[in-house]
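Novice: The structure under discussion is supplied below as structure tokens; questions concerning it will follow.
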Amino acid sequence: MSKENVCFERLKNGIVTENPTFVQMLGMCPTLAVTTSAINGVGMGLTTMVILTLSNFMISILRKLIPDKVRIPAYIVVIASFVTVVQFVLQAYLPELNKALGLYIPLIVVNCIILGRAEAYASKNKPLPSIMDGLGMGFGFTIGLTVMGSIREILGAGSIFGYEFLEKLNNFINENASQGVKDFMESQGLFEPIGIFVFAPGAFIVLAFVVAFINHRNIKKAAKTGDKAKLLEIHDCASCELECAKRTEPMKKTSPGMQSLNDELDKLEKTVEEMKDLEKKGASAMADSAASKAESEVKQA
Amino acid sequence: MNIFIIMVSASLVSNVILSQFLGICPFLGVSKKVSTAAGMGGAVIFVMTISSAVTSVVYYYVLLPLSLDYLNTIVFILVIAALVQFVEMFLKKVVPSLYKALGVYLPLITTNCAVLGIAIKNVQDGLNILESVINGMFSAVGFAIAIIIMAGIREKLENNDQIPESFKGAPIVLLTAGLMSIAFMGLQGLIR
């Protein structure tokens, strides 16, 4: 692939193919927490994008200097430094956004999208594609947050990007509509904003419906082609380190702690599968197997 | 601030997960079984209590005297990461039984945003060291309460085949979390 192609492909990959919110479901904390309005979503998304791009660039430059064993702490230091810088820039130039996002700006450090991209892409590729990767992923994340923020703002406050369309609409109807419509409006009322959507529960509920919608589309698409539908899964964020390491270089790079964890998980999965099998086979089969086991034991003895 | 108010407020009223959205990932990812959820909850209580103590000591006795308090994000994340590693080694050597119960979950906690979030919040709210420890501990208790309730509900959900295909998996869990969050909003009347 030529240079332009790689860069374009990276952008598309971040925004569509591997969209962090809608496909990978990463970075759920900010997705739920700061999307009380569309503008906050955009602000958080762009802040994350800037940090992601800068850290990808820096890590890509340093990728040959960072020893393999301490790479995760090294990435965290790089990311945390950029977060601190960006936090001060926001405090100085966009104090309102800084106030609205509050605690969630320093928490960008532990946003697994950033560490994940550092581990999966920037640590293995040249600076330019890494920058484009950061831009693509960041923009994809921004889109996700903006969609969430817009839905919550429309439903919860009756406005979008601060534009109070609901009030304007009501005024418009009151001024221009015929008597019949006005009577209807008085008895029924137009859509009332549902306050709960800008509070904490609304975040969970809106995200649930967004994910269900995506699942629905995937199922429909899969039914057409006859494949098995791919349902969205929640990653355990902390394991995204694992996830990335697994995807790229199976088991090689994981630290011993992580590896034991992986083993543990595998074991658990296996036992669950075995249990399911047993349940399917039913009691009779179990009795059979027990009988055969006993027989073999007798033989061994 | 009154210690008792901090306890109630941290664990119930402003629950880390259901009203502050910190630590959503383990909440959704490790809540399939009550036993694992309880293990995770225990590990978080353990780490969060220690990390709250250590970070606030570092803040008040190292960063403030050197007027380096603007570096708190970097310092805290490094302190927490090192601390988790250290706790893991310590438990392995000294209290193997506890390590057996919590060890698997410890590496998961380094990137748990609740731990860093509470450490930063302690400092931002100007809590002193004792208050920080109490706040950290009871925030973690709130985490444990929420994740265990969630795991209990999810175990029941497993057997439910009435869920529409597209709501299976993540969406139904998120909806459940939404309902739990509404229930916890009711507790806001406890303080004020």
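Novice: Restricting attention to region B:172-184, which residues are farther than 18 Å from B:G23 by Cα and either at pLDDT below 85 or open to solvent by less than 60 Å² (accessible area, probe 1.4 Å) (or both)?
Specialist: Within region B:172-184, just B:I172 meets the criteria.
Novice: Could I ask something else about it? For residues that are within 14 Å of chain A (Cβ to nearest Cβ) and assigned to a helix (DSSP H, G or I), scanning just region B:52-70, find the one that is nearest to A:V78 (Cα to Cα). First the steps, then the outcome.
Specialist: Residues of region B:52-70 within 14 Å of chain A (Cβ to nearest Cβ): B:55, B:59, B:63, B:68-70.
Then drop every residue that is not assigned to a helix (DSSP H, G or I), which leaves B:55, B:59, B:63, B:69-70.
Numbers: B:T55: 20, B:Y59: 21, B:L63: 20, B:D69: 18, B:Y70: 16 Å.
In this case the residue turns out to be B:Y70.
Novice: Continuing with the same structure: Is there a residue in region B:51-62 that is at pLDDT below 85 and not acidic (D, E)? Walk me through how you get there before you give the answer.
Specialist: Residues of region B:51-62 at pLDDT below 85: none.
Taking every residue of region B:51-62 in turn, none turns out to be at pLDDT below 85 and not acidic (D, E).
Novice: Give me a count of the residues in region B:89-105 that are more than 7 Å from chain A (Cβ to nearest Cβ) and touching a Leu at 6+ places or on another chain (Cβ under 8 Å). Break it down stepwise before answering.
Specialist: Kept after step one, since they are more than 7 Å from chain A (Cβ to nearest Cβ), are these residues of region B:89-105: B:89-103, B:105.
Still in the running and touching a Leu at 6+ places or on another chain (Cβ under 8 Å): B:91, B:98-99, B:102-103.
So the count comes out to 5.
Novice: Moving on. Determine which member of the set B:S166, B:S132 is buried (at least 17 other Cβ atoms within 10 Å of the Cβ), among the polar types (S, T, N, Q), touching a residue at least 24 places away in the same chain (Cβ under 8 Å) and outside any loop (DSSP other than H, G, I, E, B). Working first, answer last.
Specialist: Details: B:S166 fails: touching a residue at least 24 places away in the same chain (Cβ under 8 Å).
Of B:S166, B:S132, the one residue that is buried (at least 17 other Cβ atoms within 10 Å of the Cβ), among the polar types (S, T, N, Q), touching a residue at least 24 places away in the same chain (Cβ under 8 Å) and outside any loop (DSSP other than H, G, I, E, B) is B:S132.
Novice: Sticking with this structure for a sec: In this structure, does A:G102 turn out to be in contact (Cβ under 8 Å) with a residue 40 or more places away in the chain and either farther than 20 Å from B:L78 by Cα or open to solvent by 10 Å² or more (accessible area, probe 1.4 Å) (or both)? Don't jump to the end; show me each part of the working.
Specialist: Details: in contact (Cβ under 8 Å) with a residue 40 or more places away in the chain: no; either farther than 20 Å from B:L78 by Cα or open to solvent by 10 Å² or more (accessible area, probe 1.4 Å) (or both): yes.
Answer is no for this residue.
Novice: While we're here: How many of the residues making up region B:4-32 are modelled with pLDDT under 85 and either in a loop (DSSP other than H, G, I, E, B) or of a type in the set (V, I, T) (or both)?
Specialist: 5
Novice: A further question follows. I'm trying to understand the selection: among the residues of region A:22-80, which are within 14 Å of chain B (Cβ to nearest Cβ), within 27 Å of B:V79 (Cβ to Cβ) and outside any helix (DSSP H, G or I)?
Specialist: Correct list: A:L26, A:G27, A:V34.
Novice: Where residues in region B:71-122 are outside any helix (DSSP H, G or I) and touching an Asp or Glu at 6+ places or on another chain (Cβ under 9 Å), which of them is surrounded by the fewest Cβ atoms within 10 Å (Cβ to Cβ)? Outline the logic, then answer.
Specialist: To start, the set of residues in region B:71-122 that are outside any helix (DSSP H, G or I) comprises B:95, B:110-112.
Then keep just the ones that are touching an Asp or Glu at 6+ places or on another chain (Cβ under 9 Å); that gives B:110-111.
Details: B:T110: 24, B:T111: 27.
Checked region B:71-122; the qualifying residue surrounded by the fewest Cβ atoms within 10 Å (Cβ to Cβ) is B:T110.
Novice: Could you tell me whether region A:77-90 includes any residue that is touching a residue at least 40 places away in the same chain (Cβ under 8 Å) and in contact with a Lys or Arg (Cβ under 7 Å, 6 or more places away or on another chain)?
Specialist: no
The values are calculated or read from the model by the stated rules, or taken from the named source; none is laboratory data. Predicted model only: the values in this text are computed from it and were never measured. As a convention, Cβ positions derive from the backbone with ideal geometry for all residues, glycine included, and neighbour counts pool all protein chains shown. Ligands, DNA and RNA are excluded from the accessible area calculation, which covers all protein heavy atoms including side chains. Shrake-Rupley method; radii C 1.70, N 1.55, O 1.52, S 1.80 Å.
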